[in-house]
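Below: the structure, in structure tokens.
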Amino acid sequence: MINKRKLQSLIYQLFCMFVGLAVISPIIYCVLVSFMQPSEILTKEVYLVNYIKVVTQTDIFRFMLNSFIVAFVSSVVRIITSSCAAYSFAFFEYPGKKFLFYLTIGTMIIPTDVLLVQNYFTVSGMNLINTYTGMMVIFFVSGMNIFVIRQYFLSYSLSLKEAAHIDGCGNLQFFLQILLPTTTPALVTVFISSFVGTWNTYLWPLIVTNVNEMRTAQVAITMLNTEASSDFGVVMAAATIILIPSVLVLALFQRKIVGGMMGGAVKG
């Protein structure tokens, strides 16, 4: 006879599997369609020519390289800015500290679309249109990432910093040699979440670029869809190829992301 607790666990697992399949069903459909001819969308025939067309007839790898540069550099810079700001909020006392922290947290509730026009005028005024810097600059700072790392820093006792100072360790040395090496889970969380988010960004790179050489992968999908609107298989093949890096990153670093988020929740 099945134990009541085991039965509840089984039902819960089946429910989670159903929800998971429902969530990834669009991705499964995308992959399946990418292997079909336009006239065989509803069939089960495998058609590899779609992938050959994407690789040979488009600059898909150039677009992916642009996305990688933007996502990677933005994520590295975001780690630097977020960790420095979090260090200040967690370990220093100065007038206006709480106000600045609440102001930083307040930026999290502002929709990014509201700032698109002003950001465009700012980037345009700096002559950064059609440049990597122009695409990356708005991703260099994140209130959410500052909050996550700050919460992680708060799990350390102030006595650790005081002991380091007694041993002759300055603020910068303590930050670089003691604090950051022990904060790897939070830093990995920030990097991966930033990388995936920036990789999948569509609207901002579309606005600040108007030459194909600087287009990112997500923008390339819409261009391909316009140029071959009836060939859904090619579009889906390109979407599948572009999806691979972010899926791999999430799959490989899922545990570190969860560990970083849990570590940041230790102390408020």
Given region 185-268, what helices (runs of 4 or more DSSP H) lie entirely inside it while holding 1 or more residues that are within 14 Å of the chain's Cα centre (by Cα) and either farther than 30 Å from Leu128 by Cα or modelled with pLDDT under 70 (or both)? 232-264
Contact list, first residue from region 69-90 and at positive phi and free of Cβ contacts under 8 Å to residues at least 40 places away in the same chain, second anywhere and surrounded by fewer than 20 Cβ atoms within 10 Å (Cβ to Cβ) and in a helix (DSSP H, G or I), beta-carbon distance below 8 Å, six or more apart or interchain, is none
Given (1) in a helix (DSSP H, G or I); (2) over 19 Å from Ser194 (Cβ atoms), identify the lone condition not met by Ser82. (2)
Residue that is surrounded by the most Cβ atoms within 10 Å (Cβ to Cβ) [pool: residues in region 125-148 that are in contact (Cβ under 8 Å) with a residue 24 or more places away in the chain and hydroxyl-bearing (Ser, Thr, Tyr)]: Ser142
Residue list for region 1-30, restricted to those being modelled with pLDDT under 70 and open to solvent by less than 70 Å² (accessible area, probe 1.4 Å): Cys30
Please go through region 133-157 and give me each residue that is part of a helix (DSSP H, G or I) and within 17 Å of the chain's Cα centre (by Cα), ordered by number. Met135, Met136, Val137, Ile138, Phe139, Gly143, Met144, Asn145, Ile146, Phe147, Val148, Ile149
When you look at Ala85, is it open to solvent by less than 60 Å² (accessible area, probe 1.4 Å) and at pLDDT 90 or above, yes or no? yes
Restricting region 158-184 to residues that are without any contact (Cβ under 8 Å) to a residue 24 or more places away in the chain, part of a helix (DSSP H, G or I) and open to solvent by less than 50 Å² (accessible area, probe 1.4 Å), the residue that is farthest from Val76 (Cα to Cα): Ala163
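The values are calculated or read from the model by the stated rules, or taken from the named source; none is laboratory data. Only a predicted model underlies this, so the values are computations on that prediction, with no experimental measurement involved. No Cβ is skipped: glycine too gets one built from the backbone with ideal geometry, and neighbour counts run over all protein chains shown. What goes into the accessible areas is simple: the full protein's heavy atoms, side chains included, and nothing from ligands, DNA or RNA. Shrake-Rupley method; radii C 1.70, N 1.55, O 1.52, S 1.80 Å.
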